[in-house]
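None of the figures in this text is laboratory data; all of them are computed from the coordinates on show. Predicted model, so just to flag it, every value in this text is computed and none were measured. A quick note on method: Cβ atoms are made from the backbone with ideal geometry, for glycine too, and the neighbour counts reach across all protein chains shown.
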Amino acid sequence: MLRAVGEDALLRHALFICEQGIQKTNATSKISSWTLLIDLEGLNLRHLWAPARMAMRRFTEVMEQNYPETLGVVLIVQAPRLFPLAWTLVKSFINENTRRKCLVYAGNDYLEEDGIHSYIHHEAIPDFLGGPCPCDIECNGLVPREEYTRSTEDVLEREAGLQSLYKSLTLKRGELHEVTVEADVDGVITWDFDTVLGELQFTVSHRSYTQPRCNSSLAAMVEMAGITYPSSPSPSDSYTDTIVDDSSVETYLEGDSVQGSYYVSKPGTYVIMWGNVAPLGKQPTQKSTFLYSIEIIEPKDYAGSVSSLTSSFSNLSSAGSSWNTSSVASWNSMVSR
């Protein structure tokens, strides 16, 4: 939606809904606040695209500044296993007062005795959540690419804050670019990249060193900035790269937008790599251009977010037990084509 209609149009629609709520509130003395119902069925990493998170930050700030104290409770239902990661990434721009109004239900917990029935009259519960109220909103999946009016580059040009999150890189035929990161057990590595021109091969590996590593400041700078090889590097006696879990080398086409994460079960060095290297029998493109961003969520931040979530909200006794760090998908990469 952000690429199809733009951030301003989405904000105007949200404000229109809020104004409708204000009119209904003013029309009767029986309504003093609103209940917001959010269905997270189908939530995936594509929804955590950095420009979308920045747009959500803007929407949240506008709502909190212009409609204070109108929100009674936020009911978040069908929260998937990805939710703790999503919450970690967005909770920083939701103020504490608003966070305390959120009640989160995993799976079908919202149907329990202390579920949404405690906050919404039965006749107002939508049919897609098992209630009698018909909902005429059609869920048609992804917005077709032909409906896009702006590319990721266009979005970044409008948002100066996002430009510092993404790096732009062009690989010549046969070149590889890798970024190495150090991660501890229970940490989460997330990536977000768009193929602007040509094709890309992508993989994530764990690197095991057989010789002592150089801990110089120069080596640290190389890790943070990444390094580009002129061609496939020769096998090294000092380390071995092993593709993580059951993943493989994936190929992405021009226009693909990819968001993914890896839950760290083994500490050490991980390598995120892109390449303009075609499979056997196929010629690589002359050059491949892409934008990428990598974030590392430390174990203390991730675990702390889940802990604060489960201890702050009264209805999380059962839902919280469904969310532990081992529930996060170890390899989850989505692509829209």
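Quick rundown of the values:
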{"quantity": "Largest-first principal axis extents of the Cα set of the range 1-77 (Å)", "calculated": "41, 27, 19"}
{"quantity": "Hull shadow area, averaged, the range 23-144 [alpha-carbon convex hull, nm²]", "calculated": "9.0"}
{"quantity": "Long-range amide H partners of LEU71 with built H, under 5 Å", "calculated": "TRP34"}
{"quantity": "Loop-located GluC sites (Glu not before Pro) in the range 1-75 whose Cβ has at most 15 other Cβ within 10 Å (DSSP)", "calculated": "GLU41, GLU69"}
{"quantity": "Neighbour-limited loop hits for trypsin sites (Lys or Arg not before Pro), the range 25-96 (at most 13 other Cβ within 10 Å; DSSP other than H, G, I, E, B)", "calculated": "LYS30"}
{"quantity": "Proximal charge balance of VAL104 [Cβ under 14 Å; K/R count +1, D/E count -1]", "calculated": "0"}
{"quantity": "Members of LYS266/LYS287; LYS91/LYS266; LYS167/LYS282; LYS91/LYS300; LYS30/LYS91; LYS167/LYS300 lying beyond 24 Å, as alpha-carbon distances in this model show", "calculated": "LYS266/LYS287; LYS91/LYS266; LYS167/LYS282; LYS30/LYS91; LYS167/LYS300"}
{"quantity": "From the C-alpha gyration tensor of the range 42-112, square roots of 5λ in Å", "calculated": "21, 18, 9"}
